[in-house]
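The values are calculated or read from the model by the stated rules, or taken from the named source; none is laboratory data. For clarity, every value in this text was computed on a predicted model and none was experimentally measured. With ideal geometry, Cβ positions are generated from the backbone for all residues, glycine too; neighbour counts draw on all protein chains shown. With ligands, DNA and RNA removed, areas are computed over all heavy atoms of the protein, side chains included. Shrake-Rupley method; radii C 1.70, N 1.55, O 1.52, S 1.80 Å.
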Amino acid sequence: MALPTSLRTSATPPELELIASQQLIEIVPLIAMEKTAFILGAYGPLRPPIKASVPLWMAVNLKLKKKCHIIAPPWLNVEFLQNRLNEETGNKVFSKMPFRFAEIAKILLDVAPDDLESPDKIRSLLKDLREARQAKCRDGLAVLDRGETSLSNLCAMEINEIRPFFIHAKSIITQLYREEAQDLQEDSQGMTMS
Amino acid sequence: MDWEAEFQAGTLLNNVNEKTSRSTTDRGTSSSTRHGRSTTLLGDDEDDRDVSMAGPSSDPAVDEILEWNIAEEAHLEKLTRHWMNERHCPDILPAEDELLSSLLDHIRRQSEAVQLLRGELSTSEEEHLRIMLVQTEVERIKFVLRSYIRTRLWKIEKYARHIVGNEEMQARLTTSELEHARRFAKLTDQHFHHSVLQSLPEMRVDLDDEPMLAPSMVTQPDLKRPVFVHALTTCPIIQFEDGTSLQMNKGHISLMAYAAAEKLLLRGDVELV
């Protein structure tokens, strides 16, 4: 099989993580490295303790070897997430989050909890945020129609989660409308014939 | 393309040359010239891609935080976008021949450089680290490339019979993909014929009947299937079948039938997520 069945309808979370790992993040290197040409571009030079910007996967790689500290992105802290959560629970619309926040937060919490301030608190805030947003996603199912459904501020991981069900549900709605239209057509044809 | 030239003059290869031809003492000077070159390297190539969502509520301070890392859309970003588009799209998208061959070129060159550096016994710990990182990147890109090609292959096999009879679809494939589609369709036909069809009455033997009230026997892409669309720029207005229309601003996400988003996707105004 060219593509395993499990990959046909949706991307998998590890694949989304792979994509998110291309984003840049700041690190404080603990080792020196010359500027190096990568296919994605040139990164470095690393000169401790000067901050450098590298792709997330590289930061993770260095972190696992204890060769750098990762600087948390400005949205991954208790204060910012608390504000988002308040907004999320107070409003009906989705609050704005970085498109791939779930993936990045997970990677950082797994690999570099010691570089974050109160990781446990962050973890529980993220969980609350996720639950609040998930509930809104489910409510969103009610407004699904055959036309177009706008889902602003939804994030990559959330889309991936609701994709199979939403696509299936929408296909069925479209089909029902199509059949209805056909029935109407046939009815009117029958009328003129008789 | 500029990027190519810059890459060819890229530092990793430079290092190899330096190491083999020059003494290590003049490395300092060459690395400073390198620096100048590489800043242009990161400067060009495509528009910035926004990672945050431009939604209704906008607070400048929050926006600033959300747009903290805007990566330039380099080759790999493009490949990733095409990969995800292909995965979510019910139809087969136009082949990205040039992009693929240029990336494969990069991979080959990086691997050669790594081989050369590895062959030297004198490599320092720092060199080891760089080699490891470069290799990691190569592996990551290879993964995406493979997954992209496999996705296309899957669709090509699924729609093989449809492709054989549809020139518009053939135009979207590379020559080797088209060749594969033809062979695959022929092989399955022969197989069905030998195993079952030859013993059926003649009127039941065809594999491409289009009966009146049932779907066609040839599997075709379902263009009505809904897809999640993410606008990359401000898009022209789209008209839907039911008479409504929609203009998407940058960052807008919407669930709509693929047929409605097809034109925008081919123009590169939207991506599928």
*When ligands, DNA and RNA are left out and all protein chains stay put, how many square angstrom of accessible area per residue does chain A have with a 1.4 Å probe?*
49
*Enter the mean number of other protein chain beta carbons within 10 Å of the beta carbon of each residue in A:87-96, as an integer.*
3
*Could you tally the net charge around A:VAL93, taking each other residue with its Cβ under 10 Å from the Cβ of A:VAL93, Lys/Arg +1 and Asp/Glu -1?*
+1
*So, with a 1.4 angstrom probe, what is the percent of accessible area on segment B:226-272 that is carbon and sulfur?*
49
*If you add up the charges near B:ALA95, with Lys and Arg at +1 and Asp and Glu at -1, over every other residue whose beta carbon is less than 9 angstrom from its beta carbon, what do you get?*
-1
*Once you have a ≥ b ≥ c as the square roots of the Cα gyration tensor eigenvalues for segment B:151-229, tell me rounded if a/c is under 1.5, and otherwise prolate or oblate according to whether a/b is larger than b/c.*
oblate
_What does the C-alpha gyration tensor say about the overall shape of chain A? Classify as rounded when a/c is under 1.5, otherwise prolate if a/b is larger than b/c, or oblate._
prolate
*Place the peptides B:104-113, A:6-15 in order of packing, highest mean first, counting for every residue the other Cβ atoms within 10 Å and averaging per peptide.*
B:104-113, A:6-15
_Counting only protein heavy atoms, probe 1.4 Å: which residues of segment A:141-165 lose 40 Å² or more of accessible surface in the full assembly compared with their chain by itself?_
A:GLU148, A:LEU151, A:SER152, A:ASN153, A:ILE159, A:ARG163
*Which whole-angstrom value gives the distance between the alpha carbon centres of segment A:76-123 and segment A:17-64?*
22
*Assuming a ≥ b ≥ c are the square roots of the Cα gyration tensor eigenvalues, decide whether segment A:5-102 counts as rounded (a/c under 1.5), prolate (otherwise, with a/b larger than b/c) or oblate.*
oblate
_Cα-Cα over 29 Å, subset of B:LYS78/B:LYS263; A:LYS67/B:LYS250; A:LYS136/B:LYS224; A:LYS106/B:LYS224; B:LYS78/B:LYS224; A:LYS92/B:LYS250_ = A:LYS67/B:LYS250; A:LYS106/B:LYS224
*Would you mind working out the accessible area per residue for segment B:226-272, using a 1.4 Å probe, and quoting it in Å²?*
41
_Given points 7 Å out from each Cα along the Cα-Cβ axis, report the A:LYS127 to A:VAL28 separation in nanometres with one decimal._
3.0
*Could you name every residue in segment B:225-247 that has 40 Å² or more less accessible surface in the full protein assembly than in its own chain alone (probe 1.4 Å, ligands and nucleic acids excluded)?*
B:PRO226, B:PHE228, B:ASP242
*Excluding same-chain residues fewer than 8 positions from A:LYS65, which lysines have a Cα within less than 18 Å of its Cα?*
A:LYS51
*For every other residue with a beta carbon closer than 10 angstrom to the beta carbon of A:ALA72, add +1 if it is Lys or Arg and -1 if Asp or Glu, then tell me the sum.*
-3
*Return the value, in Å² to the nearest 100, of accessible area buried between chains A and B (probe 1.4 Å, both sides summed).*
6300
